[in-house]
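Working notes, structure below.
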Amino acid sequence: MEVVPNTGLSVKKKKSITASKAGLIFFLLTLPTLLLYIVFFLFPVGMGFFYSMTNWDGFSKSFRFVGLNNYINIMKDSRFIDSMKFTFLYTSLVVVIKLLIALVLAILLSGSLKLRGFFRSIFFFPAVLSMLTVGLIFNQVFYSVLPHLGEALSLEWLSKNILGNKNTAMYGIALTNIWHGIATPMVIFIAGLSSVPKDLKEAAVIDGATPVQRFFSVTVPFLIPMLTVNLVIAIKGALTVFDYIVAMTDGGPAHATESMGFLIYKHGMTEMKFGYGTAEAIYVFLMIATISFIQIKLLNRKEAGQL
């Protein structure tokens, strides 16, 4: 009787059938999420790009297709250019100061500090408040509390509402953002500091490295991933600042605090230029995407030791 050797083909066939069934099951499980992503993200983005090439006011049923005219006119719009200048200056100020203070606090709260948990809770408390709430609170602080305090102390520079001056209003909004936004990057930096191996710190101490040398040579390399995350979050938040401006200045005085995000809202919702505002939103999206891509690339290279 002739024996046919077992080649294992049937086993492989069964495995391939099982794998294909598993793939189909996984696809069906992710299908609801995929449909929601298409309906609530991709479709609105596509419709937004379409409306950005029209003169639609956001309400009427009729509109006219204008092609790329909105995009061309934006670059000639002095109001949008001024909002860009304000937004980038505001972003530079807020991001640098916020991350520096957050890093200093993270270092202090990662040491052998008494009541460390209590102080961490205190510094994290602003994060639980909404931006609109914080803006309204600081609006009253700048409008009533500080001017009265300045008058009582006979300090002329403190007795004026800085939000009422177009040259100083931005600093009031920036201060509010810094106070409110320190908590999140501080927590992220604390997580990064806890990941630094103790043996490396001890080796650096034995080698005679100063605290500054230990910080830049041992600690900073482990903080690069956290710095990347914090930079992306901070820059994105500052470039799209909206809530603070609505609560504190409404874009004033004399349009001095109109950010790009706030101007998009004004054009789209109050000035009935929905198509034009959508084109501005796409400009801002491309700016943020480009800046985020560049900074992530640079910091990844820094992390890999290529810079």
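The values are calculated or read from the model by the stated rules, or taken from the named source; none is laboratory data. Bear in mind the structure is a predicted one, so any value in this text is a computation, not a measurement. When we count neighbours, we look across all protein chains shown, and the Cβ atoms used for this are built from the backbone with ideal geometry, even at glycine. Remember, those area values only see protein heavy atoms, side chains included, never the ligands or the DNA or RNA. Shrake-Rupley method; radii C 1.70, N 1.55, O 1.52, S 1.80 Å.
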Query raised in the report: Roughly speaking, what is the stretch gain from residue 148 to residue 216, that is 0.36 nm per residue apart minus the C-alpha to C-alpha distance, in nm to one decimal?
Result: 20.0 nm
Query raised in the report: Pairs 98/297; 85/236; 85/160: which are spaced more than 19 Å apart, C-alpha to C-alpha?
Result: 98/297; 85/160
Query raised in the report: With each pseudo-label sitting 7 Å past Cα toward Cβ, what's the residue 64-residue 116 distance in nm, one decimal?
Result: 6.7
Query raised in the report: Residue separation times 0.36 nm, minus the C-alpha to C-alpha distance between residue 37 and residue 256: what's the value?
Result: 75.1 nm
Query raised in the report: Which sequence of 285, 63 reflects their accessible areas, 1.4 Å probe, from the largest down?
Result: 285, 63
Requested in this report: Calculate the length of the line joining the C-alpha centroid of segment 253-267 to that of segment 66-95, in whole Å.
Outcome: 10
Report task. Calculate, for segment 25-169, the solvent-accessible area per residue in square angstrom, rolling a 1.4 angstrom probe over the heavy atoms of the protein chains. Result -> 68
Report task. Along Cα→Cβ, 7 Å out, is where each label goes; now give me the distance between the ones at residue 132 and residue 72 in nm to one decimal. Result -> 3.9
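Please report the net charge: other residues with Cβ closer than 11 Å to the Cβ of residue 186, K and R +1, D and E -1.
Values: positive: 98, 120; negative: none.
Local net charge: +2.
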Requested in this report: With a 1.4 Å probe and every protein chain left in place, tell me how much accessible area residue 153 has, in Å² to the nearest 10.
Outcome: 100
Report summary line: Counting only protein heavy atoms and leaving out ligands, DNA and RNA, the solvent-accessible surface of residue 278 at a 1.4 Å probe, in Å² to the nearest 10, equals 20
Query raised in the report: Which option, (i) 21.6, 90; (ii) 22.3, 86; (iii) 27.0, 114, is the value of Rg and Dmax of the Cα atoms in Å that was calculated from these coordinates?
Result: (iii)
Report task. Go through 99-105, 129-135, 33-39 and give me the packing order, highest mean Cβ count within 10 Å leading. Result -> 99-105, 129-135, 33-39
Query raised in the report: Which order do 57, 250 take when ranked by solvent-accessible area (1.4 Å probe, heavy atoms of all protein chains), largest first?
Result: 250, 57
Query raised in the report: Quick one: ranking 47, 75 by accessible area, 1.4 Å probe, largest first, what do you get?
Result: 75, 47
Report task. With r as the distance between the Cβ atoms of residue 200 and residue 27 and R0 = 35 Å, compute the FRET efficiency 1/(1 + (r/R0)^6) and round to 0.05. Result -> 0.15
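Within the chain, what whole-number % of the accessible surface is contributed by carbon and sulfur, with the 1.4 Å probe and all protein chains included in the calculation? Please report the intermediate quantities before stating the final value.
Numbers: 13390 of 19070 Å².
Using a 1.4 Å probe with all protein chains present, the chain comes out at 70 percent carbon and sulfur.
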Query raised in the report: Any idea what the dipole of the chain comes to, in debye rounded to 20, about its Cα centre with Lys/Arg Cβ at +1 and Asp/Glu Cβ at -1?
Result: 960
